[in-house]
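See structure below.
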Amino acid sequence: PEETVTSSFASFIHAVQPEHLSKTVRHRSKRMILDSIGVGLVGSTTHVFDIALQYCQLYSSVAVSSVYGKPGVKLSPTLAAFTNGVATHSMDFDDTWHPATHPSGAVLPALLAASQMLPPGTKPNGMDFLLAFNVGLEVQGRLMHFSTEAHNIPKRFHPPSVVGTMGSAAATAKLLSLSTAQCAHALGIAASLAGAPMANAATQAKPLHIGNATRLGFEAALLAARGMEANPFILDDIAGCSGFSAFYTSYQPKPLSTPSDHHEFLLEKQDIAFKRFPAHLGMHWVVDAALSVRNLFINYAGSFSPSLIRTIVLKIPVSKYINRPFPSSEHQARHSFQFNACAALLDGEVGLSSFTESSIHRQELRELLDKVVVEHPEDNVANFDKMYGEVALLLHSGDLLTGKCDTFYGHWRKPLSKESLLKKFRSNASHVLPEDKIETIITVVDNLENLADSSQL
């Protein structure tokens, strides 16, 4: 049969081998796995995680897969994937790629649960696990590159709920050693399970987008393994019959080349953004800009004195769901340019404690928010690769102090150091695990290629 875009993806998923992963890809993906486990562990302390876990515990059959932060608690594999996916995105602390999505959280929980699901003697080793994880990343990245719309901060649907579901299906299909035809059907089934509207951003429902992506992609692979079929042209652009193109107004798919020693994974070309604090990625630009201008203000006045400020001008891109002048909940605060800029100005940092109810509703913070004016310069586009954040303080004296950030620390152009990433992981994991277990996880992930049984992770 003539090769199609869909069949090329299925062939790639089935045929790609560990030797196709370069040293750079292995290194970067292991950093992603470690960070994702850390944010999942600290995410297991949240209220939205508790809701998801209580729901999943209604269904207790075949409880073989572990839950982040809950020693002794196990769920059925797909519900464990769902619950851990919710934990990963519960604080919006998980990694981000470009075009915009959260790649790890949609894939890793499914692979962890699937590894525990498989019977003894058939467990994938660490290299199999690492390969499947990278297959999930590659499929997500390739699909996003099919649309110019995907390059900008989203307006209609949350990307990981779409490409993440496809990535989870691809990764799980690889881990379960599905045939080429089954891999194609897994993608087709996953497309019918994908999608979540942006209106639920900044609510407790948003973490469900990651939980559903990893769970439903996993389920798609399981259904394909049991013989369920789907449209074999799901990724192709077929006139008059939308497949994956239903999600994008612009869609120009290209075949995925057969894996070879010369295949270059997208992760080879572009690193991942790791967040230093738990909020929407766009917040990291305005926080770094705010911290910069705060230092100027302290040098100017000797200390940070809000009473000397007449107006705070934020120059940010147009993006409605993260332009929130007076957030009233932790999830709204994580998605508010204004809140994050003012919290950074007031406290000199943004961290876990910044999003507690008491912190959000402080009188001094509300007084700063009252002084904020937002501007949208034409050159500041809603694109994580091109945007910038600028915070200007107009003082009652008439003086103007300005801080600007075009690449925050943790962005793929300015990656976190090994020391910074480990510090973040240890801090996150310490909320639920003792020090010896934390160090064991670090060692296991660092030596993942040599792990005989990936379910040990």
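The values are calculated or read from the model by the stated rules, or taken from the named source; none is laboratory data. Small disclaimer: the values here were computed from a predicted structure and weren't measured. A quick note on method: Cβ atoms are made from the backbone with ideal geometry, for glycine too, and the neighbour counts reach across all protein chains shown. Ligands, DNA and RNA are excluded from the accessible area calculation, which covers all protein heavy atoms including side chains. Shrake-Rupley method; radii C 1.70, N 1.55, O 1.52, S 1.80 Å.
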message = All but one of (1) in the same structural domain as PHE93 (by the TED database); (2) charged (D, E, K, R); (3) touching a residue at least 40 places away in the same chain (Cβ under 8 Å) hold for ASP288; state the number of the condition that does not hold.
response = (1)
key: Selected residue [in the same structural domain as GLY40 (by the TED database) and buried (at least 24 other Cβ atoms within 10 Å of the Cβ)] from GLY126, GLY167, GLY121   = GLY167
request  = Starting from residues that are of a type in the set (Val, Ile, Thr) and open to solvent by less than 60 Å² (accessible area, probe 1.4 Å), keep the ones in the stretch 299-324 and report whichever is nearest to the chain's Cα centre (by Cα).
outcome  = ILE322
message = Tell me yes or no: at least one residue of the stretch 331-339 is of a type in the set (Gly, Ala, Ser), under 25 Å from PHE297 (Cα atoms) and part of a strand (DSSP E or B).
response = no
ask   = Out of THR172, THR148, which single residue is among the hydroxyl-bearing types (Ser, Thr, Tyr) and open to solvent by 40 Å² or more (accessible area, probe 1.4 Å)?
value = THR148
ask   = Applying the selection to the stretch 415-457, what residues are of a type in the set (A, V, I, L, M, F, W, C), outside any helix (DSSP H, G or I) and under 28 Å from HIS98 (Cβ atoms)?
value = LEU416, LEU457
request  = Of the conditions (1) more than 18 Å from ASP288 (Cα to Cα); (2) surrounded by 19 or more Cβ atoms within 10 Å (Cβ to Cβ), GLY389 clears all except one; give me its number.
outcome  = (1)
task = Give me the pairs, please: first residue somewhere in the stretch 101-114 and open to solvent by 10 Å² or more (accessible area, probe 1.4 Å), second residue anywhere and assigned to a strand (DSSP E or B), beta-carbon distance under 6 Å, and either six or more positions apart or on two chains.
result = HIS102/THR96
message = Checking LEU256 against (1) in contact with a helix residue (DSSP H, G or I) (Cβ under 6 Å, 6 or more places away or on another chain); (2) modelled with pLDDT of 95 or more; (3) part of a loop (DSSP other than H, G, I, E, B), only one condition comes out false. Which one?
response = (2)
ask   = Of the residues that sit in the stretch 337-353 and are touching a residue at least 40 places away in the same chain (Cβ under 8 Å) and open to solvent by 10 Å² or more (accessible area, probe 1.4 Å), which one is nearest to MET283 (Cα to Cα)?
value = VAL350
